[in-house]
Amino acid sequence: QVQLVESGGGLVQSGGSLRLSCAASGSISRINSMGWYRQAPGKQRELVAKITSSTTTTYADSVKGRFTISRDNAKNMVFLQMNSLKSEDTAVYYCNADLTTYGTIGSTFWWGQGTQVTVSS
């Protein structure tokens, strides 16, 4: 099995910064892309940022220039540096990984349990 464990969420004032981390563990043979999604109350889960194994990045328009995604392939970790936070960034942030496990063919998506980010105005 695979586990994705997030950390780094919390309460921060508007304009502040937070850094989220996610570690993937288990029977992993290859990780393709890793990313961060978020879900605010009453809204659908949306992509925040993702990064491929070749470090190509994609960002939601709402976070471009403020958030930076990075990964450590050796440790199977992904990070999200969030700067200039706004109240509208308040949400539960979920780590996601598209990966292949040993003994299987093809990749599947795995999710972390989520970490709360609250930005006070």
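The values are calculated or read from the model by the stated rules, or taken from the named source; none is laboratory data. Note that the structure is predicted; figures quoted are calculated from it, not measured. Because the Cβ atoms are built from the backbone with ideal geometry, glycine has one as well, and the counts that use them run over all protein chains shown. The area values use the complete protein model at the heavy-atom level, side chains included, leaving out ligands, DNA and RNA. Shrake-Rupley method; radii C 1.70, N 1.55, O 1.52, S 1.80 Å.
See the values below:
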| item | result |
| --- | --- |
| Inter-residue pairs, beta-carbon under 8 Å, first free of Cβ contacts under 8 Å to residues at least 24 places away in the same chain and in region 34-52, second open to solvent by 30 Å² or more (accessible area, probe 1.4 Å), 6+ apart | Glu46/Tyr37; Glu46/Gln39; Leu47/Tyr37; Leu47/Thr58; Thr52/Asn32 |
| Residue pairs meeting the criteria (Cβ under 7 Å; at least 6 apart or on separate chains; first touching a residue at least 12 places away in the same chain (Cβ under 8 Å), in region 105-121; second of a type in the set (Phe, Trp, Tyr) and open to solvent by less than 20 Å² (accessible area, probe 1.4 Å)) | Gly114/Tyr93; Thr115/Tyr93; Val117/Tyr93 |
| Single unsatisfied condition, Ser53 versus (1) part of a loop (DSSP other than H, G, I, E, B); (2) farther than 27 Å from Ser120 by Cβ; (3) open to solvent by 60 Å² or more (accessible area, probe 1.4 Å) | (3) |
| Count of residues meeting criterion [of a type outside the set (Gly, Ala, Ser), open to solvent by 30 Å² or more (accessible area, probe 1.4 Å) and either within 15 Å of Ala91 (Cα to Cα) or under 12 Å from the mean Cα position of the chain (by Cα) (or both)] in region 29-46 | 7 |
| Matching residues, region 60-88, being among the small types (Gly, Ala, Ser) and either touching a residue at least 60 places away in the same chain (Cβ under 8 Å) or on the phi < 0 side of the Ramachandran plot (or both) | Ala60, Ser62, Ser70, Ala74, Ser84, Ser87 |
| Residue in region 92-107 that is more than 30 Å from Gly15 (Cα to Cα), of a type in the set (A, V, I, L, M, F, W, C) and in contact with a Ser or Thr (Cβ under 9 Å, 6 or more places away or on another chain) present | yes |
| Residue identified as at pLDDT below 95, outside any helix (DSSP H, G or I) and aliphatic (A, V, I, L, M) among Ile105, Ile31, Ile69 | Ile105 |
| Only one of Leu18, Leu4 that is under 12 Å from the mean Cα position of the chain (by Cα) and aliphatic (A, V, I, L, M) | Leu4 |
| Residues of region 12-22 satisfying the condition of being part of a strand (DSSP E or B) and open to solvent by less than 40 Å² (accessible area, probe 1.4 Å) | Val12, Leu18, Leu20, Ser21, Cys22 |
